[in-house]
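*Asks:* First, the structure itself, so that you have it in front of you.
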Amino acid sequence: MVREAVRTDLEGLLTLYMQLHDNPFPELDKRVLNVWETIMSDDSHHVIVAEEDGKIVSSCICIIIPNLTRGQRPYALVENVITDKDYRKRGIATACLNFAKDIAMRENCTRLMLMTGSKERSTLDFYERAGYDPNDKKAFVQWLIER
C-alpha cells in the first residue's frame, strides 16, 4: 500500500534509510524529532511510503516549491528514493514515484525533477522508465558538508 507517511512512521522510515548511503540509525533525540515534526507539519513536504506486512519497504520525498515563473505555477522535487533490498524489482518504487507525480499534478506543478547520485545503469534506466528525462536539464551540486 502506497500512502503519505504519518508521524508514527518515523522509526520504520529511519530503518529503511539505513540502506540509503549507509546511514546509521540515529538516536531519536530532540533534534531528530524536531526535524520529523517540521517535515510532518509542512504542507509542501510529502513523505511517500510503501508498506507491506506492516513494514515500510519503499519511500520517496516529494517537495512542492512555489515559483514566480511559468505563470506562478510551482514545481516539484523528488528526493531520497529508496526500496528495501529484499523488495526490489516488484514495482514498489515505481508506485511511490507515481504517487509523487499524482501529488505534483494535483498541486498544478509544471514539472517534477529528480536527481540521483547513482551511476548504476540499472538505476538510471529505472528513472528513465519512470518518465524522467536525463537529457532535459543539467544538475550542478555544491556540497556544503563533508562527504
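*Asks:* Can you name the number of the only condition in (1) within 17 Å of Thr8 (Cα to Cα); (2) out of contact with any Ser or Thr (no Cβ under 9 Å at 6 or more places or on another chain); (3) exposed (fewer than 13 other Cβ atoms within 10 Å of the Cβ) that Ile61 fails?
*Replies:* The one condition Ile61 does not meet is (3).
*Asks:* Can you tell me which residue is nearest to Ile103 (Cα to Cα) among those in segment 66-91 that are touching a Ser or Thr at 6+ places or on another chain (Cβ under 7 Å) and without any contact (Cβ under 8 Å) to a residue 60 or more places away in the chain?
*Replies:* Among those that are touching a Ser or Thr at 6+ places or on another chain (Cβ under 7 Å) and without any contact (Cβ under 8 Å) to a residue 60 or more places away in the chain, it is Tyr75.
*Asks:* crowded, with 17+ Cβ neighbours inside 10 Å, over 25 Å from Asp125 (Cβ atoms) and at pLDDT 95 or above: which single residue out of Ala5, Ala100, Ala104 fits that description?
*Replies:* Ala5
*Asks:* With respect to the numbered conditions (1) without any contact (Cβ under 8 Å) to a residue 60 or more places away in the chain; (2) farther than 23 Å from Trp143 by Cα, which one is the sole condition not fulfilled by Val35?
*Replies:* All conditions are met except number (2).
*Asks:* For segment 110-124, give me the residue count where each residue is closer than 14 Å to Leu97 by Cα and among the charged types (D, E, K, R).
*Replies:* 1
*Asks:* Hey, any hits in segment 56-65 for a residue that's closer than 26 Å to Arg147 by Cα and in contact (Cβ under 8 Å) with a residue 60 or more places away in the chain?
*Replies:* no
Residue-by-condition table, conditions (1) in contact with a Cys (Cβ under 9 Å, 6 or more places away or on another chain); (2) at pLDDT 95 or above:
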| position | (1), (2) |
| --- | --- |
| Leu13 | no, yes |
| Leu16 | no, yes |
| Asn23 | no, no |
| Pro26 | no, no |
| Lys30 | no, yes |
| Asn34 | no, yes |
| Ile39 | no, yes |
| Asp42 | no, yes |
| Val47 | yes, yes |
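*Asks:* Looking at (1) modelled with pLDDT of 95 or more; (2) under 25 Å from Asn135 (Cα atoms); (3) not aromatic (Phe, Trp, Tyr), find the lone condition where Glu120 falls short.
*Replies:* (1)
*Asks:* Lys89 passes all but one of (1) of a type outside the set (S, T, N, Q); (2) part of a loop (DSSP other than H, G, I, E, B); (3) within 18 Å of Val6 (Cα to Cα); which number fails?
*Replies:* All conditions pass for Lys89, except number (3).
*Asks:* Something else now. Being within 24 Å of Ala93 (Cα to Cα) and surrounded by 13 or more Cβ atoms within 10 Å (Cβ to Cβ) is the filter here; which residues of segment 25-43 pass it?
*Replies:* Trp36, Ile39, Met40, listed by residue number.
The values are calculated or read from the model by the stated rules, or taken from the named source; none is laboratory data. In this text, all values refer to a predicted model and were calculated from it rather than measured experimentally. A quick note on method: Cβ atoms are made from the backbone with ideal geometry, for glycine too, and the neighbour counts reach across all protein chains shown.
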